[in-house]
Amino acid sequence: MLIEERILTLFRRNCQHTLTYWSVFFSFGMSIAFLGPTILDLKCQTGSTLQEITWVFFSQQLCLLIGSSAGGAFTKTLFGALIALFFSSLIISVVFAIIPLCYNVLLLAVAMAVSGLAMGIIDTIANFQLVSIYKKDSAIFLQALHFFIGLGALVSPLIAEPFISEQCMSSNSTENATEILHHFRSGYRSPVILPESSPLSEPAEKASVSYAFWIMALINLPVPIAVLVLMYQEKLLPCCPSSTPRLLDKDELAMETKAPEITEIPEPQNAGHGNIFSCCMNDNLRGLPVTFFVIHILGGMVLFMTEGIMGVYAGFVYTYAVSAPMSLHTKMAGYLNCIFWAAVTAGRLVSIPLSYRFRPVYLLIANLIGVNVTLLLLMILYTNRVFLFVGTTVLGLFISSVFPCIVAYTENILNYRGCATTVLVTTAGMGEMTLQVLVGSLIQNKGSYVFLVCGLVFGCLGFIFLLCVILCNRIHRNLTGASKKAAMVEAPPAPASEKAAPEQKVAVIQPESIKCDTG
């Protein structure tokens, strides 16, 4: 059988929860991918420069970072997690609906900031809930979770592509494209890209791109409805009769863990992570080896680089393709985003069975080597239009599963007792936020080729950080193994009649001592 019956049983037991968390990640994917192919239309709509539009990316990623770090506060109870997911997914639909009304870049930045906050909350809660439910079996479910990011990210460019306007980036000649990008790089500000004599008017352009956003808003509406249905099933809605939800609260957990026969039951969803600040200030972390903290930092830096590459590539590959020397037709360049997110989606789908057969560290090494080799070939063959599409596909396949693999690998190293999920999600958001702004500024000042140079530099740094994580894992295992042996040697011998009970008690209580305090 391809998948063990035990894992299938776990999935059936938590089917509705899992499918709901997957669906909210579909919303996340739609929100993260639509800016790439519509960036020039939004530039025309707001009468701004490319650099100003780049700050819209920054506002979204900054609030995504804030939402990611604060999202752990909602995981203390199932009600808190689900109500946060409901409002976050609903906010995404509302933002899609109002983007066509944002005729000023500041209003657009505010709208994207609100959506980024919702995305960050979704990111942390969905990852955390699945890790809490499935523990050491979470890798395969995290791969599926991030498959739905790719699916949502594939849908939004496909919806936007028919509505991409050729008025902002005239496709009648290569000269027009080069001239407009020259204006981008020189910082030239013009409320309308087209000459005043152009018969094509800006309002028609706005109306065309508006349809794409309104369609995406409608497609996303079933997601908050699915969360609402789950809350109804768990009897967490105020209109439902009062009853105890299936998720154990802290008091019930404390009562149940006293019973010796169920001490090995997996920890509930409300224990373990909290927000990033409570993790850092927990007094119980003081006795841990320094490698415990270094693993968090290094794992976060891997995602800082790789998620930054993904955000940069999705955000600027269209702009790179329509500029010289590629100078692709705008409609053809619009397909690059679709191809990239289709490859990400396919890669995450393929990674589901692969994560079941191979350890996450092997997948991580193979993926990061593939990312760097592909970016190097894209730099070498920078004038080859065919390889731009091939390289985009291959890059999406390799980079697709880095996030779920590093989360599963790091949590496995720390034995699911640390703050890895929250730290990693937050650091990934920081990478997308800072690297997109950095690359956007460099493209305007240095030219579009720097887009690929930066990607290769980030990829090499990500691979170096991964090797450091692997090395730190070996050191951490030696340190924690030595400390356990020392504790056994120094412990006074217990009476024969009471020896078994204390050993069992230590096996249960010792892991609790290094959890994050979420209370």
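Quick notes on this structure:
- The value of relative contact order for the stretch 76-121, using C-alpha pairs under 8 Å at least six residues apart, is 51 percent.
- Sulfur and carbon atoms: percent of accessible area, the stretch 313-412 [1.4 Å]: 75 percent
- Euclidean distance of C-alpha centroids, the stretch 78-140 and the stretch 213-242, integer Å: 14 Å
- In the stretch 1-117, the portion of solvent-accessible area held by carbon and sulfur atoms comes to 77 percent [1.4 Å probe, whole percent, DNA, RNA and ligands not counted].
- For the stretch 1-92, the solvent-accessible area works out to 32 Å² per residue, with a probe of 1.4 Å and every protein chain left in place.
- Spatial separation of Cα centroids for the stretch 425-441 and the stretch 343-412, in angstrom: 19 Å
- Probe 1.4 Å, protein heavy atoms only - accessible area per residue of the stretch 103-170 in square angstrom: 25 Å²
- When peptides 343-354, 8-19 are sorted by average Cβ neighbour count within 10 Å, with the highest value leading, the order is 343-354, 8-19.
The values are calculated or read from the model by the stated rules, or taken from the named source; none is laboratory data. The shown structure was predicted, so the numbers you read here are calculated from the model rather than taken from an experiment. Cβ: placed from backbone, ideal geometry, glycine included. Neighbour counts: every protein chain shown. Ligands, DNA and RNA are excluded from the accessible area calculation, which covers all protein heavy atoms including side chains. Shrake-Rupley method; radii C 1.70, N 1.55, O 1.52, S 1.80 Å.
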